[in-house]
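Report on one structure; see the data block that follows.
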Amino acid sequence: MALVGAMGVFPRAVPRSPAQSAVPQTAAISVDRLPQLKGELTLYLGRGEGGLYENVLKAIQKRNPDFELHIRRGPTAALANSIVAETRAGLRRADLFWAVDSGAVGLVTGTGAAQTLPAELTQQLRPEFQFPDWVPISGRIRTLPYNTKRLTADQLPSSILALADSGLSIGWAPAYAAFQSFVTAMRLLEGDQVTIDWLRAVKRRAKNYAGELGVVMAVERGEVDVGLANHYYTLRLKSGKPEANVDLAFTRNDAGCLVNVSGILALRAGELPVNFIRYLLTREVQSYLATEAFEVPLVEGIPPPQGLPPLDTVSPPTLDLTRLADLRPTLDLMRKAGVL
């Protein structure tokens, strides 16, 4: 889907009847079937994805001339903490919160401030991503990017815990938020002692990088054999350099193949916030995020990004994603292990 800026997200606006928003859907629908948005909303938007989320928001506003969207931007965790503080003070400055990870969503939903959403809205999502009070928008999979000149996929362990004893050189980004969510998942699934032992063992063979794109680039250059990173960094690198010496491998049923998500929740009741969320689940937006951001679409009927296997073939662990909000014990554990 070739897109140029915000205007490539949607086709020309066509006014629709508000009654059409109530039609039950079980798969991605076109934006042409949605009602026009009218009124004002304030969105707290977590930073991320290089402006692609901004393109979506600009396209929504352009398509709806009677709709005004006020956006407060900032780090996802900081915005979540602001909403929690505002809620405790009896204030509501945000009508919607779009977070780039589910841990921040969990921090807010834990206050009870999120509004319950219509079942016909959440049922558009794959069953494992249906929640009563928030909507996952797109996913990212933890992967093992590996250097294809040094290794083949079958030489990599299928267990993330086994990576520590694999003898491979490893690239990681411990200060990166996505990595910390991964460690949180490991801690919740395996326990603190197993996790700290794993961190200490990997640290002996690991090279630190500032971010996970840096990890993938280091793998491709051959600085390390394998890395720990979200899937889209590898796909983005290969989209600009098809001959790159890097490919993706996946562990099975553990934190090493965790599927984390960006997500949105409504803090204000009424049709307008709900109808805004509908736009993010349309075929156009889901396809845009898959083709431009290489994120995993979570609505039925949208193909995954090129170079990524279907989500059904990946074996992520069973874990309530909102529990990833429990980050403080993770940071304490990582400091104790000497990796922060």
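The values are calculated or read from the model by the stated rules, or taken from the named source; none is laboratory data. No experiment lies behind these values; they were computed from the predicted model shown. Cβ: placed from backbone, ideal geometry, glycine included. Neighbour counts: every protein chain shown.
Counting only helices (runs of 4 or more DSSP H) wholly contained in segment 264-340, the ones carrying 2 or more residues that are closer than 24 Å to PRO174 by Cα occupy 328-337.
Within segment 82-94, restricting attention to residues that are free of Cβ contacts under 8 Å to residues at least 40 places away in the same chain and exposed (fewer than 15 other Cβ atoms within 10 Å of the Cβ), the residue that is nearest to ALA325 (Cα to Cα) is ALA85.
For beta carbons closer than 9 Å, sequence separation of 6+ or different chains, a first residue in segment 195-224 that is more than 23 Å from ARG236 (Cβ to Cβ) and in the same structural domain as GLY171 (by TED's automatic domain parsing) and a second that is among the acidic types (Asp, Glu) and assigned to a helix (DSSP H, G or I), the qualifying pairs are TRP198/GLU190; ALA201/ASP165. Inclusion of VAL183 among residues that are within 25 Å of PHE294 (Cα to Cα), of a type in the set (Val, Ile, Thr) and in a helix (DSSP H, G or I) is warranted.
Listed here are the residues, each with its yes/no results for (1) in the same structural domain as TYR44 (by TED's automatic domain parsing); (2) part of a loop (DSSP other than H, G, I, E, B).
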| residue | (1), (2) |
| --- | --- |
| VAL108 | yes, no |
| ALA114 | yes, yes |
| LEU117 | yes, yes |
| GLU128 | yes, no |
| ASP133 | yes, yes |
| TYR146 | no, no |
| SER159 | no, yes |
| LEU168 | no, yes |
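Out of THR184, THR152, THR143, THR122, which single residue is free of Cβ contacts under 8 Å to residues at least 60 places away in the same chain and either within 30 Å of ILE29 (Cα to Cα) or buried (at least 18 other Cβ atoms within 10 Å of the Cβ) (or both)? Only one candidate passes the filter, namely THR122.
State whether one or more residues within segment 258-271 are among the charged types (D, E, K, R) and in contact with a helix residue (DSSP H, G or I) (Cβ under 9 Å, 6 or more places away or on another chain). Yes: one or more hits.
Please tell me if GLY227 is at pLDDT 95 or above and surrounded by 24 or more Cβ atoms within 10 Å (Cβ to Cβ). Judged against the criteria, GLY227 is a match.
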